[in-house]
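> Have a look at this one before I ask anything.
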Amino acid sequence: MSFSEECKSAILSGDISLAEELAHKVIHEKLDVNEAIDAFSLAIREAGDLFEEGEFFLPELMRSAEAMKAAMVIFQPVLEEGKEDRFRGKVVIGTIEGDIHDIGKTLVASMLTAEGFDVHDLGADVPVKTFIEKAIEIDANIICISALLTTTMVGQKKLIDQLKEKNIRDKFKVLIGGAPISKKWVEEIGADGSAENAVSAVKLAKKVLED
Amino acid sequence: MGAVELAQNSLFELKRNFEEKKVKILKNLVIKLDTNEILRLLQSKNSEDNIRKAPQALVDDIKRMTDEALLLIQSRAIYDSFESKELEPKFLFNKSEITVFAICTIGKKLETHTREHLQKGELAKGVILNAIASHAAEQTAEHVNQTILNELSMEIQGKDTTCRFSPGYCQWELGKGQKTIFELLDSSKIGVSLTSSMMMNPVKSVSFAINIGKEVDKELGLRDCENCDMFNCAYRRI
């Protein structure tokens, strides 16, 4: 089995110990960190596809994400040294003010982290002001806002309106999610996209940064 | 309105009395959880045509965590019946004679426990416990629904009942529906509160209504998107 295949196997089987062992091997044997991360990333994407196709149950995908995250923690010091020229999108994520649901948002944050995004999870019931302040502070690429009810999704519009008022709308991509979100709502408030689960959220986040 | 706390078994002894209404509170409800339903909740919505057999290790995990969760589930409910003609919106209640409102919850403990796992990065455990909690909330609502129908069996004779329907469904505006139910029932007695955005806390709670009468719309409460004519509904899934 090649090294890439071992990485894939560790992620798809959700084997945290093996993922850590492989990541340590990369560091100790001075192998190419970028190549290793690419191999892990390819596997987590495959896990996501398997979930969407019904071949994986959500806990299996989450175990893959846990294994991926465990490996990324080991690569983190090398990435922070900046020797590996690897772009990591910065994301501010949270559930909007008045909304206390946070499981869906937490899963999106975890999948984004597993895929190498630098994620700042603000939690649930987050005021619009806090989203914007954090996004400016860390110079975020993406703001992700979750809302689970029709009564709270207006907060997503409020955030975009405030970004426009401050003339900083173009600085960030704004992605929205939650049960009541429709394409019509995305267009109406001028968001950059919506995703209905954690897997499609990661795909969307990558896509909007490529555009 | 005097509140009377009832053990589940003694509920059936209660005679309903329109003149002297008594709020019914149910505590320590025993609910059954179905592993297959939990598995269904753990599948991608897009993949329901491709139902793969779950690996045995996952089934074992779910069963083990279900036992763990049952110790943390505190199923409770409060309900009462009202004359439908007094209720708004008219299009929902005008064909009904009696409407029962209910609020059910599984309490806060499992929700807190689930969040703790997720915060520790134990995502797989977290999502399994969350699915168990969602299923438990629905099972609690189903149990309470059945209890109400059993209790009202005399009044129901010769009449029809709707399935249970909740604010946010059946064109019942979420905010107005929640306000109506929470104004009429003292939800603090079962530890449920309503946020300013009409969200129930604990999250795994269900509020609902049942209409009873000779001319009720029996299709009401069949909460299936395929049977609903709200084609632009934000929650529509087909």
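The values are calculated or read from the model by the stated rules, or taken from the named source; none is laboratory data. Fair warning: this is a prediction, and the values are worked out from it, not measured in the lab. In this analysis, Cβ positions are derived from the backbone assuming ideal geometry, glycine residues included, and neighbour counts consider all displayed protein chains. Side chains included, ligands, DNA and RNA excluded: accessible areas come from the protein's heavy atoms. Shrake-Rupley method; radii C 1.70, N 1.55, O 1.52, S 1.80 Å.
> Among (1) touching a residue at least 24 places away in the same chain (Cβ under 8 Å); (2) within 14 Å of chain B (Cβ to nearest Cβ); (3) among the β-branched types (Val, Ile, Thr), which single condition is A:VAL186 missing?
Unmet for A:VAL186, out of (1) touching a residue at least 24 places away in the same chain (Cβ under 8 Å); (2) within 14 Å of chain B (Cβ to nearest Cβ); (3) among the β-branched types (Val, Ile, Thr): (1).
> Suppose the filter is within 14 Å of chain A (Cβ to nearest Cβ) and either farther than 30 Å from B:LEU220 by Cβ or assigned to a loop (DSSP other than H, G, I, E, B) (or both); does B:VAL30 pass it? I'd like the intermediate steps shown before the answer.
Numbers: within 14 Å of chain A (Cβ to nearest Cβ): no; either farther than 30 Å from B:LEU220 by Cβ or assigned to a loop (DSSP other than H, G, I, E, B) (or both): yes.
Here the answer is no, as B:VAL30 does not meet what is asked.
> Quick one: which helices (runs of 4 or more DSSP H) lie wholly within the range B:118-225 and hold at least 3 residues that are within 14 Å of another protein chain (Cβ to nearest Cβ) and without any contact (Cβ under 8 Å) to a residue 60 or more places away in the chain? Don't jump to the end; show me each part of the working.
Details: elements: B:123-151, B:153-156, B:174-184.
Helices (runs of 4 or more DSSP H) meeting the threshold: B:123-151, B:174-184.
> State yes or no: is B:THR161 closer than 19 Å to B:MET200 by Cβ, open to solvent by 20 Å² or more (accessible area, probe 1.4 Å) and either over 22 Å from the mean Cα position of the chain (by Cα) or hydroxyl-bearing (Ser, Thr, Tyr) (or both)?
no
> Among B:ASN28, B:ASN36, which is at pLDDT 50 or above, open to solvent by 90 Å² or more (accessible area, probe 1.4 Å) and touching a strand residue (DSSP E or B) at 6+ places or on another chain (Cβ under 9 Å)? Steps first, answer last, please.
On the way: B:ASN36 fails: touching a strand residue (DSSP E or B) at 6+ places or on another chain (Cβ under 9 Å).
None of the others qualify; the one that does is B:ASN28.
> Here is a list of conditions, (1) modelled with pLDDT of 95 or more; (2) surrounded by fewer than 16 Cβ atoms within 10 Å (Cβ to Cβ); (3) not small (Gly, Ala, Ser), and A:GLU35 meets all of them except one; can you say which number that is?
(1)
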